[in-house]
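The values are calculated or read from the model by the stated rules, or taken from the named source; none is laboratory data. Because the structure is predicted, anything quoted here is derived from the model rather than measured. Ideal geometry is used to build each Cβ from the backbone, glycine not excepted, and the neighbour counts take in all protein chains shown. With ligands, DNA and RNA removed, areas are computed over all heavy atoms of the protein, side chains included. Shrake-Rupley method; radii C 1.70, N 1.55, O 1.52, S 1.80 Å.
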Amino acid sequence: MRTGAPRWTAAVPEDCVPEQVAAGERQVVAVLACGRTELRLAAFDPAGGGLRWTASLGGRTAPAPDGQVALLSAEPPVVQNGGTTEGGQGAFLLFGEDGKAAGRIETTGGYGTIQAHAPALVTVADGRLYAGAEIRERKSYRDRVVAFDLASGSQVWLEDVAVAGGLRALDVTGGRVTVLADRGSRQGGLDDLVVLDAATGEEKESIDTGVDVDRHKGELAGVRVYEDLVVAVRWGSGARPFSAYTRD
């Protein structure tokens, strides 16, 4: 980073090309498209670029990048396969540091449907996967946040978040899960910040922000937390608007 000079170039298996790359302290992980019909996950030594292992992610029907696979984390390796369209079926594939399959988390289960089509509602932190989910109960939907252990794929906790308009984004920083939510049209579409304990899911704070970010043009890309500030970042046409909130 100081000079911009390349340190190494990694050789990928024959007939493979890299599509996505994520770097960690102990390894660099890439999704490879091989033979235009197969996807593989590969790990490289961050010091010299040597290939450590590869693992199959299965076949693909499209010969070009189709947006159905997303590399979420390098340590531990986590890949989202499918579920990238609203209501679509998919799963999060978990791997150990040696490339062996460690588990699988379906996008639909007893916790409801994980909103895997919204990248701002899925994140990996501290050995867990945190996601916004939705479940239908009678004639209405209930929003919730669910946490999974990445070593086993098992559910750790599930917490309902009482909002009418749905979850918008979440962030996990400093042992807290900060959720940006919409209170719904009956409440003027104002935004709420809900803060949960990342270890247990217990609600620690709920803040009525008094503003409606959706009045601004652009798709919500995610939230970032810095000390007591929560910054919502959006993608706009020719602009990158953002809004900042404070929390205790």
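Points to keep in mind about this one:
- Per-residue accessible area (protein heavy atoms, 1.4 Å probe) orders Glu14, Glu205, Glu134 as Glu14, Glu134, Glu205, starting from the largest.
- Taken per residue, the accessible surface of the range 1-115 reaches 54 Å², heavy atoms only and a 1.4 Å probe.
- Per-residue Karplus couplings for the range 69-85, computed as 6.51 cos²θ - 1.76 cosθ + 1.60 with θ equal to phi - 60°, are listed in order as 10, 9, 8, 9, 7, 9, 9, x, x, 9, 10, 8, 10, x, x, 8, 10 Hz, Gly and Pro entered as x.
- Amide H partners (placed H, <5 Å) of Ala221, local residues excluded: Val233, Arg234, Trp235
- Expressed in Å, the radius of gyration and Dmax of the Cα atoms of the range 19-124 are 13.7, 44.
- Net charge, Glu202 excluded, C-beta distance under 11 Å - Lys, Arg +1, Asp, Glu -1: -2
- Taking Cβ atoms as reference points and 9 Å as the exclusive limit, the residues near Glu134 contribute a net charge of +2, counting Lys and Arg as +1 and Asp and Glu as -1.
- The range 118-184 - percent relative contact order, Cα under 8 Å, separation 6 or more: 26
- A Förster radius of 30 Å combined with the Cβ-Cβ distance from Thr173 to Ser152 puts the calculated FRET efficiency at roughly 0.80.
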